[in-house]
Amino acid sequence: MSCCGQRRQEMRAAMQRQAPPEPEPLVRPESPIPIVYLGKGSIVVRGPVTGKTYLFASAGEPLLVDERDAPAFLRSAPFAHG
């Protein structure tokens, strides 16, 4: 076997020995609080504490928001407790 062939075989064997990466756990909100977007259309907002992205797809529909992010939303005019 040639030198390059040995290296390729060693690399394949090493890759097969490696365990597949663990999937990321689903992030569930802590004590979720329903928040309603009162504006028009939809809006995407990032939670200031958790960094989670929230999609308020339509006005008036409650969305469960992590309790750590909720106070910041409720201080904003287009949001209300739902």
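Values in this text are rule-based calculations from the coordinates and carry no lab data. This structure is a prediction, so every number in the text was calculated from the model and none was measured. Reconstructed Cβ throughout: ideal geometry from the backbone, glycine too, with neighbour counts over all protein chains shown.
Structure data summary
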item	result
Residue-by-residue Karplus 3J(HN,Hα) for segment 70-81, coefficients 6.51, -1.76, 1.60, Hz, glycine and proline x	3, x, 5, 5, 5, 7, 8, 4, x, 10, 9, 5
Residue 8-residue 53 FRET efficiency (beta carbon distance; Förster radius 41 Å; 0.05 resolution)	0.45
Amide hydrogen neighbours beyond the local backbone of residue 59, cut-off 5 Å, H modeled	41
Residues whose placed amide H lies under 5 Å from that of residue 65, excluding near-sequence neighbours	33, 35
Amide H contacts of residue 54 (H built 1.01 Å from N, under 5 Å, at least 5 apart or other chain)	45, 46, 47
